[in-house]
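A quick write-up on the structure given underneath.
Coordinate-derived values only; no laboratory data. Just so it is clear, the model here is predicted, and its values are computed rather than measured. With ideal geometry, Cβ positions are generated from the backbone for all residues, glycine too; neighbour counts draw on all protein chains shown.
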Amino acid sequence: MTSAVLAVDQGTSGTKALVVCPERGVLGTGFAAVRPRHLPGGRVEADPAELYDSVLDAGRRALAEAGEDVVALGLANQGETVLAWDPDTGRPLTDALVWHDRRATTVCAGLEAHAEELRQLTGLPLDAYFAAPKMAWIRRHLTGEGVVTTSDAWLVHRLTGAFATDAATAGRTQLLDLDRTDWSARALDLYGLAGERLPRVTDCAGPVGTTTAFGPEIPLTGLITDQQAALLAQRLTTPGGAKCTYGTGAFLLAPTGPAPRRSASGLAGCVAWRLGGRTDYCLDGQVYTAASAVDWLTGLGVLSGPADLDRVGAAVPDSGGVTFVPALAGLAAPWWRGDLRGSLTGLGLDTEAGHLVRALCEGLAAQVAELADAVAADLDTPLDALRVDGGLTRSALLLQTQADLLQRPVEVSEVPDATALGAAALARLGADPALALADVLPEAKPSAVYEPRITPDEAAARRASFREAVARLLDRTPV
């Protein structure tokens, strides 16, 4: 009898699906692109039908390649993307507001006096990045009909008919009481969402429903938001380590154990996962634009695509004095200034494409290093190493730059699709309660380790240049 599971990672720019067997590894893969629309004013939307179709397409491709049945389904999601929909028919009532959409900044401005109360309640800073401001914006400006939820609840309903979200995803709304891992009546009241019908908050592993959307009936037994799935796949389940996923954005998470943490360093305090009724927590820091910044350079003709990073960057020895703050969708943790725009400084007539590429890699790496420092400050202990995954980890230039600026080893996941592997682990765990968490996690052997090649003094100087560029943005941009 097969023990393979189907894992689906519904992401910002595409959906990846894997059929994973504990004995034989990845048996099948599938991918379907998603094309969010970037609109003026920092608005980012996606067609819900395209999200759902991408789940079906990627999942069916993976199953076809594997050529065998699966015993369970695990689903990872974008976390903070929201929409309104009809719970009777499943029909979307709005487009999906993607996680880095900024239109709900006005909602946050009206709640500024309650920012610290919300942070203490939910662990999250007040920012339009999270789901609740977008949900409130939809209710104020688009529709009062149906339900308004994160995208996972809609996908789960379309697949199974259930009305559910997992504790980790619910923790990305700013509506979840961080200590109780259930909806907070006070937070709902502050956002004007007190009368809303919200999905039940489930564990991340366990029966949710069944689906025939991929062909044979498959139980859905794993649910989680994408970054926590990757943290799990990296086998980072206890305090002391951190991972960074380099996808559309870059996201650094560090587990903190069974006690919730409110960050004093500008990070988000989150649910990592809830299993068997027990909640584990993590600290979370975000860089809004990583692969999307590479796409931006590609659109300008500097690159032909992400695979071109190392070739173009290798044409020059350094950034040539160019500093890039790639805040193309605003600055997230630890600054929380989503209103900021990016900057490129130090340009000259001798600036080449390679300088821009190296400056981008330095800007991304410097932001991640700031997040690592914030984790170390909150936990009062430095990180020993950073485990990394995601599509951009194929760039040796980026990862070497990361190791240099972090002054710590950077360990690369053997499989870049860590999010899907985390969803697969939860699906197995939910399908077989006799298993322990350690039984379902993939091996965490790194495919490569990047060690720092520059001195601490040089790393400090390069990071100081980046901080100065950020400070100039902060000084000249009104709050």
Legend entry - Phi-based couplings in Hz for the range 93-108 (Karplus 6.51, -1.76, 1.60; Gly and Pro marked x): 9, 9, 5, 7, 7, 6, 3, 9, 5, 10, 5, 7, 4, 5, 5, 5
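Sort 104-117, 158-171, 275-288 by packing, meaning the average of other beta carbons within 10 Å per residue, with the highest value first. Could the numbers behind the result be given before it?
Numbers: 104-117: 15.6, 158-171: 25.1, 275-288: 22.1.
Sorting 104-117, 158-171, 275-288 by mean packing, highest first, produces 158-171, 275-288, 104-117.
Let me know the whole percent of all Cα-Cα pairs from the range 5-235 that are separated by more than 30 Å. Mind dumping the intermediate values first?
Details: 5815 of 26565 pairs.
Across the range 5-235, Cα pairs with separations above 30 Å total 22 percent.
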Inset, instruction - Determine the distance separating the Cα centre of the range 323-364 from the Cα centre of the range 449-479; give it in Å without decimals. - result: 11 Å
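For the range 75-133, calculate the relative contact order in percent as a whole number, restricting contacts to Cα pairs under 8 Å that are 6 or more residues apart. Provide the component values of the computation, followed by the final result.
Numbers: 66 pairs, mean separation 19.6, N = 59.
Taking the mean separation of contacting Cα pairs over the length of the range 75-133, I get 33 percent.
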Legend entry - Long-range HN-HN contacts of G247 with modeled amide H, under 5 Å: A291
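May I ask you to order 87-98, 307-318 by the average number of other C-beta atoms within 10 Å around their residues, highest value first? Intermediate values should be presented prior to the final figure.
Numbers: 87-98: 18.0, 307-318: 16.1.
Top of the packing list down: 87-98, 307-318.
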Legend entry - For the range 150-176 and the range 37-89, distance of Cα centres in Å: 13 Å
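Once Rh is set to the Kirkwood radius over Cα pairs, what Stokes-Einstein translational diffusion coefficient, in µm²/s, holds for the range 290-438 at a temperature of 20 °C and a viscosity of 1.002 mPa s? Mind dumping the intermediate values first?
On the way: Rh = 17.1 Å.
Here the translational diffusion coefficient equals 125 µm²/s.
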Legend entry - P(r) histogram, all alpha-carbon pairs of the range 122-170 included - 10 Å bins from 0, percent: 24, 47, 28, 2
Inset, instruction - Compute the long axis of helix 48-66 from its Cα atoms, compare it with the longest principal axis of the Cα atoms of the chain, and write down the angle in degrees, 0 to 90, nearest 10. - result: 80 degrees
Inset, instruction - Mind giving me the FRET efficiency for A376 and T238? R0 is 22 Å, r the Cβ-Cβ distance, nearest 0.05 is fine. - result: 0.85
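Listed highest first by mean packing, meaning other Cβ atoms within 10 Å per residue, what order do 195-201, 68-74 come in?
On the way: 195-201: 15.7, 68-74: 22.6.
Descending mean neighbour count gives 68-74, 195-201.
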Inset, instruction - Obtain the nm distance between the two label points defined at R186 and T212 by a simple spin-label model: each point lies 7 Å from its Cα along the Cα-to-C-beta direction. - result: 4.7 nm
Inset, instruction - Mind pulling the angle between the C-alpha long axis of helix 418-431 and the longest principal axis of the chain? Nearest 10 degrees, somewhere in 0 to 90. - result: 20 degrees
Inset, instruction - Only loop residues by DSSP count here, and only those with at most 15 other Cβ atoms within 10 Å; note down the trypsin sites (Lys or Arg not before Pro) in the range 1-96 that meet that. - result: R24
Legend entry - Whole-number percent relative contact order across the range 5-235, with pairs defined as alpha carbons under 8 Å at least 6 apart: 19 percent
Inset, instruction - Quick one: work out Rg over Rh on the C-alpha atoms of the range 33-162, Rh as Kirkwood radius. - result: 1.03
Legend entry - Residues of type aspartates and glutamates that K445 reaches as a straight line, Cα spacing below 18 Å, ignoring anything fewer than 8 places off in the same chain: E23, D384, D389, E411, E414, D417
Legend entry - Karplus 3J(HN,Hα) series, Hz, for the range 134-150 with 6.51 cos²θ - 1.76 cosθ + 1.60 (x for Gly, Pro): 5, 4, 5, 5, 4, 5, 7, 10, 10, 7, x, 8, x, 10, 10, 8, 5
Inset, instruction - For the range 254-269 and the range 375-445, write down the distance between their C-alpha centroids in whole Å. - result: 18 Å
Inset, instruction - May I have the extent of the alpha carbons of the chain along their three principal axes, as whole Å values ordered from largest to smallest? - result: 60, 52, 43
Legend entry - Amide hydrogen neighbours beyond the local backbone of S184, cut-off 5 Å, H modeled: L176, D177
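Can you give the calculated 222 nm mean residue ellipticity of the chain, where each DSSP H run of n ≥ 4 adds -39,500 (n - 2.57) and the sum is split over every residue, rounded to the nearest 500 deg cm²/dmol? Show your work: numbers first, answer last.
Numbers: 15 runs with 163 residues, N = 479.
Value at 222 nm, helices only: -10500 deg cm²/dmol.
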Inset, instruction - Work out from phi, with θ = phi - 60° and the Karplus expression 6.51 cos²θ - 1.76 cosθ + 1.60, the ³J(HN,Hα) of each residue of the range 21-37, listed in order in whole Hz, and give x for Gly and Pro. - result: 10, x, 8, 10, x, 7, 9, x, 10, x, 9, 9, 6, 10, 10, x, 9
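Once you keep just the Cα pairs under 8 angstrom separated by 6 or more residues, what percentage relative contact order results for the chain? List each step's numbers first, then the result.
Working: 1167 pairs, mean separation 68.5, N = 479.
Averaging sequence separation for qualifying contacts and normalising by length gives 14 percent for the chain.
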Inset, instruction - Taking every pair of alpha-carbon atoms in the range 176-242, give the share separated by more than 19 Å as a whole percent. - result: 57 percent
